[in-house]
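All remarks here apply to the structure that follows.
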Amino acid sequence: MAKTPPKPNTKSSTKPADIAGADIGGETAKKATPVPADADIAYAFDGPQGAGGETHQIAGNGVATMTTQQGIPVADDQNSLKQGARGPSLLEDFHFREKMFHFDHERIPERVVHARGYGAHGFFELTDSLSDVTRADVFQRVGERTPAFVRFSTVAGSKGSADLARDVRGFAVKIYTQEGNWDLVGNNIPVFFIQDAIKFPDLIHSAKPEPDRAFPQAQTAHDNFWDFISLTPESFHMVMWTMSDRAIPRSLRTMEGFGVHTFRLVDAQGKSTFVKFHWKPKQGLQSVVWNEAVKINGADPDFHRRDLWDAISAGDFPEWELGVQLFDDAFADSFDFDVLDATKLIPEELVPVRIVGRLVLDRVVDNFFAETEQVAFCTQNVPPGIDFSNDPLLQGRNFSYLDTQLKRLGGPNFTHIPINAPKCPMAHFQQDGHMAMHNPKGRANYEPNSWGATQGGPREDPARGFTSFAEVADGPKQRVRSETFADHYSQARQFFVSQTPVEQKHIGDALVFELSKVERPDIRSRTVSHLVNIDAGLAATVADGLGLAVPDAAVAARPPITDLPASEKLSILKNGPDSFKGRKLGILLSDGADVAVFKALLKAVEAEDAVYEVIAPRISGVTLSDGTTVAAKQKVDGGPSVLFDAVAIVVSAQGADLLSMDAAAKDFVTDAFAHCKFIAFTPEAEPLFAKAGIAGDLDEACMPLENAKDTAAFVQACRALRHWPREMKVDLDAKPAGLQRS
Ligand code: HDE
């Protein structure tokens, strides 16, 4: 016999609400939406652009009443409607059906590339007016702030892949200017693999998991990728970057961004200046090492997104300077390479970067799906005063991005979603379609019309409106690659010679690693044949690492220029921060550890504007020498040293003995050592080093903390971030003396 279901919170013991501490929504809803306790009215949650969306009703106790999407109050969200307690479920249960229907449709197609990403809000502030070269409103008034949203991403992996894949990072910025949205959809590497957009599907197919076996995930270390690359010589400049530590950044906050293509700035008279855009992190450049990246992916696949979320939530707002390289036709004509070729950069020594603004990320999203997942970047979104060049990659992108949004977001109205909606006035006659969220008013939905100024709707404005740069184009209609795009190796070599020896070593290591995963020897060898055109020493090292004879050089479409000067800005290590600010110290504590040393360490960390986490044998924490208890953030096997920029082992003799028996604790110190990190330790920690097998190897970056005074010197030493001389001693691959430039 059907009975009226009892009220929530008075249910039988099968309900989760009865489990101690369980919250079925009331608490959360209360915190998020404070309402007067005696309110007994329906109220609207903020829907799109503040328009009322779903309605929630307020019970007498101030807690929002759960409703269906139609606003019907829900009496029981724990049990579906049945005929009798043990009888069949009823089709009539509209609450169950609506809930399940919505759940079944929660996913939208992930991005075909850049599926895994993380976004944050902030602002762009102009610090130097560009009114001399552009009419773009966003570049006119110094000091003016314009809202911005940024989405960082990896390229190859699926949405759930790990953050520290060796990959290019997307750096997509949407700036909500007063003359429309400007999307600068860039990467953390200033060049691209290919020159013509028609090759993009091939490139991406080759990089993604192989189609028959569906692996490897988020990796380019497989045959198909290197097959394509070794048959595409234009890719080798970018390959040098992706094999460098640029592809394994320490943080999204410590990487540069680049617009990649040559764009145009256009002034009110229609005069054009070429421009390349750069984002330069105030945090300095920093990367991790490969062995560390591999382990981070296991220990914390969300390492980058967590880092960004934590930093912004803690008020440590990441910041980038916007720089522009401005140049004219005369420079373009005199440059060794074609400025329309996206596999080339313009060294800063040739065209200096003028800093004109800053981008600050100061707010995390309210909801990942609504904002980060639904944000739709389109390279075609440029306001008046910014325009495209004829770069064939950019031209192809301008088609692809709009097209892809239709698939992902399901219709033409994705600009109605708040994250995509411009924040300036909009008026047009585009109407209807899936999920239309605007209610156009009035009778006129076309123009020209004769409904007059007030009812007739918007009209074009030749003065304010977007006007394309009046470039003259001629020539036969044909499928060709310009001769001026034919140099494939010169800048690859320039990049390599601009690196410090440690960075060069990492490039060699990465190539050997990736090609060791390639099964076909001919693909390995063909790849090395291109390296011969870049740097003979690098080719020899990689060939040696693979056990190959150095092959003949690949036939070059144009002989490489071998004397391009090194460019300082291309090295990460030459552009590091010289500061430990915003970095994280991992403090491994044990019971009985010296309280004075621990406290002094915290002070030193704070003085440096850094952060710390305590790692302990048990998550409940430790009791220090004076009886103070300290909670742990990580249990030792959940907080390996790869998650920290530097580590301190602050333990008692007994604590060290205990930890010496623990494999995870031994890994903690050996990994910190192998990854060239600064390590501080109380003298009692030495048995742990001995058991871990590194006691005899400790160097000047392993700093004893005899007493509290030593802590400041240690944290200051951490400003160097890593002790690179150690790497030459701890890595077998450092031994072959092949990396000197020939
Ligand atoms: Fe993209 N790219 N891309 N790309 N790209 C996409 O658009 C494409 C290229 C970049 O966080 C897609 O909305 C083509 C260069 C970023 O939402 C798609 C070509 C650069 C993001 C697409 C390129 C980028 C994308 C997939 C060759 C650096 C993530 C989902 C001509 C300058 C944006 C989407 C976000 C995303 C196409 C090459 C950067 C399919 C055809 C070069 C940062 O439209």
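The values are calculated or read from the model by the stated rules, or taken from the named source; none is laboratory data. A quick note: this is a predicted structure, and the numbers were derived from the prediction, not measured. Cβ atoms come from the backbone with ideal geometry, glycine included; neighbour counts cover every protein chain shown. With ligands, DNA and RNA removed, areas are computed over all heavy atoms of the protein, side chains included. Shrake-Rupley method; radii C 1.70, N 1.55, O 1.52, S 1.80 Å.
Per-structure values
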| quantity | calculated |
| --- | --- |
| Packing-based order for 518-524, 364-370, 577-583, using average beta carbon neighbours within 10 Å, highest first | 577-583, 518-524, 364-370 |
| Distance violations [Cα-Cα > 29 Å] among Lys280/Lys599; Lys208/Lys729; Lys282/Lys517; Lys584/Lys709; Lys635/Lys677 | Lys280/Lys599; Lys208/Lys729; Lys282/Lys517 |
| Three semi-axes of the equivalent ellipsoid, the stretch 251-302, Cα gyration tensor, whole Å, largest first | 38, 10, 8 |
| For the chain, alpha-carbon Rg and Dmax in angstrom | 29.4, 90 |
| Area projected by the alpha carbon convex hull of the stretch 578-730, averaged over all directions, nm² | 7.6 |
| Cα pair distances of the stretch 517-557 binned at 10 Å [whole percent] | 35, 56, 9 |
| Per residue value of the accessible surface for the stretch 578-730 (all protein chains in place, 1.4 Å probe), Å² | 41 |
| Inter-site label distance for Glu349 and Leu402 at 7 Å from Cα along Cβ, in nm | 4.2 |
| In Hz, Karplus ³J(HN,Hα) per residue of the stretch 337-351 (6.51, -1.76, 1.60; θ = phi - 60°; x = Gly, Pro) | 10, 8, 6, 8, 9, 6, 8, 10, 10, 10, x, 5, 5, 8, 10 |
| Gained length - Ser89 relative to Val74, 0.36 nm times residue gap less alpha-carbon distance | 3.7 nm |
| CD proxy at 222 nm, helix term only [per DSSP H run n ≥ 4: -39500 (n - 2.57); per residue of the chain; nearest 500] | -7500 deg cm²/dmol |
| Potential lengthening between Asp662 and Phe103 on full extension [0.36 nm per residue; Cα-Cα distance subtracted] | 196.9 nm |
| Gyration tensor (Cα) of the stretch 654-695, equivalent ellipsoid semi-axes in angstrom | 16, 11, 8 |
| Accessible surface, per residue, of the stretch 448-518 when the full set of protein chains is kept, probe 1.4 Å, Å² | 58 |
| For the stretch 116-122, 3J(HN,Hα) per residue [Karplus equation, 6.51 cos²θ - 1.76 cosθ + 1.60, θ = phi - 60°, Hz, x = Gly/Pro] | 8, x, 8, x, 7, 8, x |
| Per-selection Kirkwood Rh - the stretch 486-573 (Cα, Å, 1 d.p.) | 13.4 |
| Rounded to 5, percent antiparallel among DSSP beta bridges of the stretch 578-730 | 10 |
| In order through the stretch 265-282: 3J(HN,Hα) via Karplus (6.51 cos²θ - 1.76 cosθ + 1.60), integer Hz, x for Gly, Pro | 9, 10, 8, 5, 8, x, 7, 10, 10, 6, 8, 10, 9, 10, 10, 10, x, 5 |
| Quarter of Cα convex hull surface for the stretch 178-276, i.e. mean projection, nm² | 9.2 |
| Long-range amide H partners of Thr65 with built H, under 5 Å | Gln57, Ile58, Ala59 |
